[in-house]
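J.: Input: one structure, supplied below.
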Amino acid sequence: MEEPKLDLSIVIPVFNEESNLEPLHREIESVLSGQGLTYEILAVDDGSTDGSFETLQKIQKTEPHLRIIRFRRNFGQTAALSAGFKHARGRVIVPMDADGQNDPADIPRLLKKLQEGYDIVSGWRKERKDNPVTRTLPSRIANWLIGRITGVRLHDYGCTLKAYRAESLKPIRLYGEMHRFIPALARWGGEKVAEVVVNHRPRRHGKTKYGLNRIFKVLLDLITIKFLASFSTKPIYVFGGLGMVCLLGSIVSGAVVLYMKLALQYSMNRNPLLIVSLILMTTAVQFVLMGLLAEILVRTYHESQDRPTYVIERILEPAESAGEDKG
Ligand code: UDP
Ligand code: MG
């Protein structure tokens, strides 16, 4: 990330949003010009094939706040947001959709909440203007599930409109479609997360870039998040634990086979439990080995990048704290 110099960066991922850009830009300008903030608008053109890039360039001619990043091809919304976060110069970063569904008028409220001492303020589209069956319902289930599993209970993970302190995004690397999990990822580092109800509007022009296959991606991402959040520094606990369960099953079923053979004279080679026992034994060994491999990977990851396995808020040295007492 570059050195923060401005108060605010608005980050907008753009993929084929040609007709939405000018109205959105006008709205943002009219909201922000009255705020007395230094800011930039960072549009990330995610390989648009319509005239989005040309439209952005046209706006830039008369707009000193607009910076444009153009991708060579379509890399996806998460990648676009990542690039925006990386190049943003604001101390606070606010991402929003390019299609006009998020309302720029909510930005001051998000910022105000952030000033109350939060690191992340997440928008909650309480009244969504999307298809109820294919969008709103799956999203409700997903939000509930994500809340249960990550322990960060938000009503609306999927809302792009959020406000972040730039530092809280620094340690987070985004892969796949992980942008909706940022609050959950950030909590690992102890960030404080709040929620504010925001306005939601129907898409102005163009059509949505997502279909129902998003559901599977969210589920898989969720497994990854859970794993990373709970066990990324001790994978042997997960894999070894599963291995232990399999080993136990193997021993029990092996014992039953022996008992049937010795006490009941039941032939071993006709007993399916023998096979169960062998398969469980093999699986147990595999799980433990996988756990050990994962342990090596985790060590490589943390040690090669000198990444600590904790986050320190601050360190108080004796002289400093004594000085503070006097003052
Ligand atoms: N978007 C993007 N790259 C993609 C897909 C989407 O940059 O590959 C942008 C899109 O231009 C919009 C935002 O991500 O600004 C949200 O997309 P969309 O409105 O299609 O999602 P929905 O609101 O339907 O969830
Ligand atoms: Mg949209």
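The values are calculated or read from the model by the stated rules, or taken from the named source; none is laboratory data. On a predicted model such as this, the values are computed, not experimentally measured, just so you know. Ideal geometry is used to build each Cβ from the backbone, glycine not excepted, and the neighbour counts take in all protein chains shown. Just so you know, the surface numbers come from the protein's heavy atoms only, side chains and all, with ligands and any DNA or RNA stripped out. Shrake-Rupley method; radii C 1.70, N 1.55, O 1.52, S 1.80 Å.
J.: Would you mind computing, in nm to one decimal, how far apart the modelled labels at Val245 and Arg314 are, each placed 7 Å from Cα along Cα→Cβ?
T.: Between Val245 and Arg314, the simple spin-label model gives 4.4 nm.
J.: Can you work out ³J(HN,Hα) from phi for every residue in segment 81-96, in order, using Karplus 6.51 cos²θ - 1.76 cosθ + 1.60 and θ = phi - 60°, giving whole Hz and x for Gly and Pro?
T.: 4, 4, 4, x, 4, 5, 8, 5, 10, x, 6, 10, 10, 10, x, 8
J.: Still on this structure, please answer the following. If eta is 0.890 mPa s and T is 25 °C, what Stokes-Einstein diffusion coefficient results for the chain, Kirkwood Rh from Cα pairs, in µm²/s?
T.: My calculation gives 107 µm²/s for D.
J.: Now for a different question. If you count only protein heavy atoms with a 1.4 Å probe, what accessible area per residue comes out for the chain, rounded to a whole Å²?
T.: Values: 18620 Å² over 327 residues.
Heavy-atom accessible area per residue stands at 57 Å².
J.: Per the Debye formula with a single identical scatterer at each Cα and no solvent contribution, what log10 I(q)/I(0) holds for segment 52-127 at q = 0.11, 0.16, 0.17, 0.22 Å⁻¹?
T.: Per q value, in the given order, log10 I(q)/I(0) is -0.37, -0.78, -0.87, -1.30.
J.: Tally the DSSP beta bridges in the chain and give the antiparallel ones as a percent, rounded to 5. Kindly include the intermediate steps, with their values, before the conclusion.
T.: On the way: 6 of 29 bridges.
Percentage antiparallel, nearest 5: 20.
J.: So for each of 292-299, 268-275 I average, over its residues, the number of other beta carbons within 10 Å; can you give me the resulting order with the highest mean first?
T.: Numbers: 292-299: 14.1, 268-275: 12.0.
Sorting 292-299, 268-275 by mean packing, highest first, produces 292-299, 268-275.
J.: Could you tell me what % of all Cα pairs in segment 1-126 have separations over 16 Å?
T.: Numbers: 4722 of 7875 pairs.
Looking at segment 1-126, the distances longer than 16 Å represent 60 percent of pairs.
J.: What's the lysine pair count for segment 133-223 at a Cα cut-off below 16 Å, pairs eight or more apart or interchain? Walk me through the numbers before you get to the answer.
T.: Details: Lys162/Lys170; Lys162/Lys192; Lys170/Lys192; Lys209/Lys217.
Number of lysine pairs found: 4.
J.: Now a separate question. What number results when the radius of gyration of segment 208-327, computed over Cα atoms, is divided by 2.2 N^0.38 Å?
T.: Working: Rg = 24.9 Å, N = 120, 2.2 N^0.38 = 13.6 Å.
Ratio of Rg to 2.2 N^0.38 Å for segment 208-327: 1.84.
J.: Considering Cα pairs under 8 angstrom that are at least six residues apart, work out the relative contact order of segment 37-190 and quote it in whole percent. Display every interim value, and only then the final one.
T.: Numbers: 183 pairs, mean separation 39.3, N = 154.
With pairs under 8 Å counted, the relative contact order is 26 percent.
J.: By how many degrees, 0 to 90 and rounded to 10, does the Cα axis of helix 21-32 deviate from the longest principal axis of the chain?
T.: On a 0 to 90 degree scale, this one is about 80.
J.: Separate question: Would you work out what percent of the accessible area of the chain, with all protein chains in place, is carbon or sulfur (probe 1.4 Å)? Display every interim value, and only then the final one.
T.: On the way: 11170 of 18620 Å².
Whole-percent figure for carbon plus sulfur exposure: 60.
J.: Which of the listed residues, Leu212, Gly100, Leu37, is farthest toward the dipole's positive end in the chain, when Lys, Arg count +1 and Asp, Glu count -1 at the beta-carbon?
T.: Most positive-ward Cα: Leu212.
J.: Go through 126-134, 103-111 and give me the packing order, highest mean Cβ count within 10 Å leading. Let's see the in-between values first.
T.: Details: 126-134: 12.6, 103-111: 18.6.
Descending packing order for the listed peptides: 103-111, 126-134.
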